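**Student:** Below: one structure in structure tokens.
The values are calculated or read from the model by the stated rules, or taken from the named source; none is laboratory data. Because the structure is predicted, anything quoted here is derived from the model rather than measured. Heads up, the Cβs are rebuilt from the backbone with ideal geometry, glycines too, and the neighbour counts pull from every protein chain shown. Only protein heavy atoms, including side chains, enter the accessible area calculation; ligands, DNA and RNA are left aside. Shrake-Rupley method; radii C 1.70, N 1.55, O 1.52, S 1.80 Å.
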Amino acid sequence: MSQSSNTAQNAASNKKVKNKSHHSQSTHAYAKVWLFFTYYWIIFGIGCYFGQYLPMEWRRPLSIGLFVLILATLFIKRARKYGLVISHIYAIIVGLLSYATFTTYMQNLGPDVFYKNVLLAIGAFIIFGILGYFIINDASSLGKYLFVAFIALIIGGLIGMFVHNPIYHTAITIIGLILFLMYTLYDFNRMKRGSFTPREMGFNLFINLLNIIKDVLRLANRFKN
């Protein structure tokens with residue numbers, strides 16, 4: 001009886017140690033996610049600062065280059081091996097191109113409305129993150145649908161280059177906003193399930209929040225006009 005009791009106690013003790021170790025590893029991984037998330041915002045900020053010196057004639061070639069980079073990472077498996085380099089290039093180029101965009105929105109909306117919309121976007125990011133982590137049990141099935149929607153959004157954006165219709169562009173912006181909110185929910189759910197690497201997840205969350213902010217500001221600017 002005593003031997004059985006000791007065996008049960010040892011098993012419970014080992015389970016407790018394993019759970020504690022797993023919790024410690026998860027906490028460390030989450031900390032690294034937010035470290036990378038902050039890091040990519042810093043890289044973006046540096047690019048945004050230097051964007052004020054970017055000649056206008058360079059904007060289109062950089063935009064095309066960024067688009068090609070996105071397509072390469074989506075459809076060329078070999079390109080994904082260079083994720084670390086590509087993520088840095090992406091953050092810098094987006095920063096360079098975003099300076100003029102944010103400056104325009106700041107001028108059109110005014111500082112007060114501009115920052116209120118930024119806070120609104122951050123709030124939406126947090127809410128969908130909470131839904132993905134605490135409320136939704138398993139959102140893994142969403143991945144394939146979000147990918148298809150993302151490809152459709154890219155195609156819609158390309159068509160938008162030749163369509164000068166405000167309603168069309170507003171619809172594309174709303175779809176983009178919903179898509180990146182859902183990606184936020186999906187990515188936080190991946191964190192909950194442990195299906196992530198810290199650098200990749202930090203970069204994904206950075207991209208999600210950046211696009212949510214841009215779409216909210218774009219909508220605010222459109223409805224103001």
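**Student:** In whole percent, how big is the carbon plus sulfur part of the accessible area of segment 61-136, probe 1.4 Å, protein atoms only?
**Tutor:** So the carbon and sulfur contribution to the accessible surface is 76 percent.
**Student:** Follow-up. Suppose every Lys and Arg Cβ carries +1 and every Asp and Glu Cβ carries -1, with no other charges. What dipole size does the chain come out with about its Cα centre, to the nearest 20 debye?
**Tutor:** Dipole about the Cα centre, nearest 20: 640 debye.
**Student:** Kindly state, to the nearest 0.05, the FRET efficiency for Phe223 paired with Phe67, given R0 = 35 Å and r defined as their beta-carbon distance.
**Tutor:** Efficiency for this residue pair is about 0.85.
**Student:** Test of understanding: what is the full-extension gain from Thr170 to Trp34, defined as 0.36 nm times their sequence separation minus their Cα-Cα distance?
**Tutor:** Value of the extension gain: 45.8 nm.
**Student:** Check the chain and count each lysine pair with an alpha-carbon distance under 28 angstrom, considering only pairs eight or more places apart or from different chains.
**Tutor:** Count of close lysine pairs: 23.
**Student:** Additional query: How many nm is it between the label spots at Gln25 and Val148, if each spot is 7 Å from the Cα in line with the beta carbon?
**Tutor:** Each label point is offset 7 Å from its Cα along the Cβ direction, giving 3.5 nm.
**Student:** Just read off the accessible area of Ser63 with the full protein assembly in place, 1.4 Å probe, to the nearest 10 Å².
**Tutor:** My reading of the accessible area for Ser63 is about 50 Å².
**Student:** Phe128 accessible area, nearest 10 Å², 1.4 Å probe?
**Tutor:** Near enough 50 Å² of accessible area.
**Student:** With label points built 7 Å along Cα→Cβ from the Cα atoms of Ser140 and Leu54, find their separation and express it in nm.
**Tutor:** In this crude spin-label approximation the distance works out to 3.8 nm.
**Student:** In Å², what does the accessible area per residue of segment 28-78 work out to with a 1.4 Å probe?
**Tutor:** Details: 3520 Å² over 51 residues.
About 69 Å² of surface per residue is accessible.
**Student:** Using label points projected 7 Å from each Cα along Cα→Cβ, tell me how many nm separate Met106 and Ile76, to one decimal.
**Tutor:** So the label points at Met106 and Ile76 sit 3.5 nm apart.
**Student:** Still on this structure, please answer the following. Could you please put Thr197, Thr101 in sequence from largest to smallest accessible area, using a 1.4 Å probe?
**Tutor:** Working: Thr197 75, Thr101 35 Å².
Putting Thr197, Thr101 in descending order of accessible area: Thr197, Thr101.
**Student:** Helix by helix, which DSSP H runs in the chain go 27 Å or more along their axis at the Cα atoms and have an average Kyte-Doolittle hydropathy of 0.5 or more?
**Tutor:** Span-like helices here: 83-109, 111-130, 166-193.
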